[in-house]
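See below for the structure under consideration.
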Amino acid sequence: MHGPALSGWLSMALCAITGSYCLLRTRGGTEGERRTARAEAVMGFGMAVMAAPAVLPKLPDRMWAVYAVVFGGAAVRALLTARHGGPHLHHLVGSLAMVYMGVAMAPWAGHGGHPGHGAAGSSGAAGGVPLLTGALLAYYALYLLRSASGMVPVAAHAGGPPAPGGTGGSSTPGGAPHARLDLTPACRLTMAVAMFAMLLTL
């Protein structure tokens with residue numbers, strides 16, 4: 001029990017921190033960026049609550065119905081904006097995945113209740129449709145590989161030598177401050193890892 005509880009607390013903490021950072025992003029940027037940040041904040045906090053059964057008392061049965069409504073609405077909203085491409089398509093898949101997991105983990109799904117994240121295999125009962133679960137796992141595996149590989153050149157460039165005349169400090173030679181560190185790609189990667197782990201428990 002110690003291992004599943006520890007991984008459950010870790011998932012809750014990471015998702016909650018990610019949701020909090022996304023919430024802070026809603027205070028700035030363009031309207032499109034704030035809309036994206038709000039969607040990702042909802043996803044982060046929703047995943048934190050979904051990880052709760054592994055470490056907290058059993059959630060009320062109605063909680064899963066709330067999940068279906070909240071993320072069903074998020075999926076509809078993402079569908080309306082998916083024509084713009086970018087993160088909207090990913091938000092659509094994520095919202096649908098949350099609805100799917102919420103329904104699969106609900107007591108009325110016919111698998112005797114949710115065993116809790118991090119305790120996969122403890123009940124021996126599958127909570128979802130294997131083909132759909134496998135498709136979502138494949139999607140998130142590819143997303144993780146693509147996102148991780150895309151972050152490598154950025155990290156390499158950031159660690160390069162300073163520009164001529166610069167000191168490597170917090171300002172450019174002209175006196176302008178460097179751009180604030182953007183953790184958005186890392187947050188999206190964190191949520192994708194958590195989603196992949198949760199899907200594995202079905």
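Every read-out reported here was derived from the displayed coordinates using simple, explicitly stated rules and does not represent laboratory data. These figures come from a predicted structure and were not determined experimentally. All Cβ positions, glycine included, derive from the backbone under ideal geometry; neighbour counts span all protein chains shown.
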So, in nm, how far is label Met151 from label Glu31 when the simple model puts each one 7 Å beyond its Cα toward the Cβ?
3.2 nm
Quick one: Karplus J couplings for the range 11-25, per residue in order, coefficients 6.51, -1.76, 1.60, θ = phi - 60°, nearest Hz, x for Gly and Pro?
4, 4, 5, 5, 5, 5, 5, 4, x, 5, 5, 4, 5, 5, 5
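Once R0 is set to 41 Å, what does the formula 1/(1 + (r/R0)^6) return for the Cβ-Cβ distance between Leu80 and Leu6, expressed as a FRET efficiency to the nearest 0.05?
Values: r = 40 Å, r/R0 = 0.97.
FRET efficiency, Leu80 to Leu6: 0.55.
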Ranked packing of 192-200, 129-137, most packed first, by mean Cβ within 10 Å:
192-200, 129-137
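Give me the net charge for the shell around Met151: Cβ to Cβ below 15 angstrom, other residues only, Lys and Arg +1, Asp and Glu -1. If you can, show how the numbers build up before the last one.
Details: positive: Arg146, Arg188; negative: Asp182.
Once positives and negatives cancel, what remains is +1.
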